[in-house]
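Written out below as structure tokens is the structure these notes cover.
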Amino acid sequence: MMKNFYPDLYVENISCITASMLSKMGMEAVVLDVDNTLVPHNDPNPTEEVNSFLSDMREGNIKICVVSNNTYERVKPFCDRIGIEYFVHDALKPRAYGYLKAAEIMGVEADKTAGIGDQIFTDVWGGNRAGCYTILLKPIDISAENPFIKFKRLLEKPFLKKIKRSDCK
């Protein structure tokens, strides 16, 4: 049970992940969280780093799907803005549902999918439960998060102390 809370990889940010790296690991797709993974909480504008990451995934033939616990009204316009066709909103993370639905939509197996997010108790746990390769990112900006997420961040601290963050290569 406790192993479900540990990612396969922990990196600083999205630019540390490349299509080449994922392909070498046998990954065919990525499942991406939105808030504090790709953009600060409720920010609709991706950074140049996010745009570069997405371009690299597309050039490397890595399929992309957003899986978020957020609403359709948040997820759909964001995906439209960054050109992502596949998404699952109201994903019920940490349940495996959103990850398995994303794999089904993209036509890949969950074990060939990298789940990428900034929270242990939603993104990592949900991805691990679905059988994905999980990648934890340092959150972009926690200052605008709601009190519940801030509380979960406190609970994550003991786990984070045991995880070594990999350097970007």
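The values are calculated or read from the model by the stated rules, or taken from the named source; none is laboratory data. From a predicted model like this one, the values you see are computed outputs, not experimental measurements. Reconstructed Cβ throughout: ideal geometry from the backbone, glycine too, with neighbour counts over all protein chains shown.
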Quiz item: For residues in the stretch 43-62 being of a type outside the set (A, V, I, L, M), in a loop (DSSP other than H, G, I, E, B) and touching a helix residue (DSSP H, G or I) at 6+ places or on another chain (Cβ under 7 Å), which is surrounded by the most Cβ atoms within 10 Å (Cβ to Cβ)?
Solution: PRO46
Quiz item: Residues in the stretch 113-127: is at least one over 17 Å from THR37 (Cα atoms) and not in a strand (DSSP E or B)?
Solution: no
Practice problem: Report yes if some residue within the stretch 16-34 is modelled with pLDDT under 95, assigned to a helix (DSSP H, G or I) and over 27 Å from LYS162 (Cα atoms); otherwise report no. | Solution: no
Quiz prompt | Those residues of the stretch 70-106 which are farther than 23 Å from ALA19 by Cα and either among the hydrophobic types (A, V, I, L, M, F, W, C) or buried (at least 22 other Cβ atoms within 10 Å of the Cβ) (or both), in sequence order | solution = VAL75, ALA91, LEU92, LYS93, PRO94, ALA96
Quiz item: Only one of (1) more than 19 Å from VAL108 (Cβ to Cβ); (2) in contact with a Phe, Trp or Tyr (Cβ under 9 Å, 6 or more places away or on another chain) is not met by PRO40, so which one is it?
Solution: (2)
Quiz prompt | From the options ILE149, ILE142, residue that is assigned to a loop (DSSP other than H, G, I, E, B) and under 21 Å from TYR10 (Cα atoms) | solution = ILE142
Quiz item: Any chance the stretch 94-111 includes a residue that's in a loop (DSSP other than H, G, I, E, B), more than 13 Å from the chain's Cα centre (by Cα), basic (Lys, Arg) and more than 21 Å from PRO158 (Cα to Cα)?
Solution: yes
